[in-house]
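Have a look at this one before I ask anything.
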Amino acid sequence: MAVLKIKDIKKMEEKEMEKKLSELRIELMKARTKIASGTAPENPGKVREIRKAIARILTKRREIRKK
């Protein structure tokens with residue numbers, strides 16, 4: 001998964017954001033499961049990257065709903 005930048009999120013519709021958010025949460029859960037089981041993650045920075053992308057989407061969604 002590529003880094004999800006704020007400019008990409010701004011172009012998304014609200015439904016797209018919801019879909020991407022659910023995909024990212026599932027991916028984060030899978031990555032954390034691998035780490036918890038003791039397996040070495042392929043990319044150690046991936047969890048942090050996913051968490052930041054989720055935070056960006058939630059922030060943008062909150063801004064849209066506040067207007």
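No lab work stands behind these numbers, since they all come straight from the coordinates. Keep in mind that what you see is a predicted model, and the values were worked out from it rather than measured. Backbone-built Cβ (ideal geometry, glycine too); neighbour counts: all protein chains shown.
Taking Cα atoms, how many degrees apart are the long axis of helix 46-66 and the longest axis of the chain, rounded to 10 and kept between 0 and 90?
The answer is roughly 20 degrees.
For the range 1-53, what is Rg from Cα atoms divided by 2.2 N^0.38 Å, rounded to two decimals?
Working: Rg = 12.4 Å, N = 53, 2.2 N^0.38 = 9.9 Å.
Against the empirical 2.2 N^0.38 Å value, I get 1.25 for the range 1-53.
While we're on this one: Starting from the Cα of Ala36, step 7 Å along the direction of its Cβ; do the same at Lys7; then give the gap between the two resulting points in nm.
So the two model labels end up 3.7 nm from each other.
Under the rule of -39500 (n - 2.57) per DSSP H run of 4 or more residues, summed and divided by the residues of the chain, what mean residue ellipticity at 222 nm is obtained, to the nearest 500 deg cm²/dmol?
Dividing the helical sum by the residues of the chain leaves -25000 deg cm²/dmol.
How large is the dipole of the range 6-66 about the Cα centre if only Lys and Arg carry +1 and Asp and Glu carry -1, each at its Cβ, rounded to the nearest 20 debye?
On the way: 20 positive and 10 negative charges, 58 e Å.
In total the dipole reaches around 280 debye.
Report, in listed order, any pair from Lys5/Lys34; Lys20/Lys46; Lys19/Lys46; Lys11/Lys34; Lys19/Lys52 with a Cα-Cα distance greater than 22 Å.
Working: Lys5/Lys34 25 Å; Lys20/Lys46 16 Å; Lys19/Lys46 19 Å; Lys11/Lys34 32 Å; Lys19/Lys52 16 Å.
With Cα atoms farther than 22 Å apart: Lys5/Lys34; Lys11/Lys34.
Once you mark the GluC sites (Glu not before Pro) that are in a DSSP loop and have at most 14 other Cβ atoms within 10 Å, what is the longest gap between them in the chain?
It works out to 14-41.
So how tilted is helix 14-36 from the main axis of the chain? Cα-based, degrees 0 to 90, rounded to 10.
Tilt of helix 14-36: around 20 degrees.
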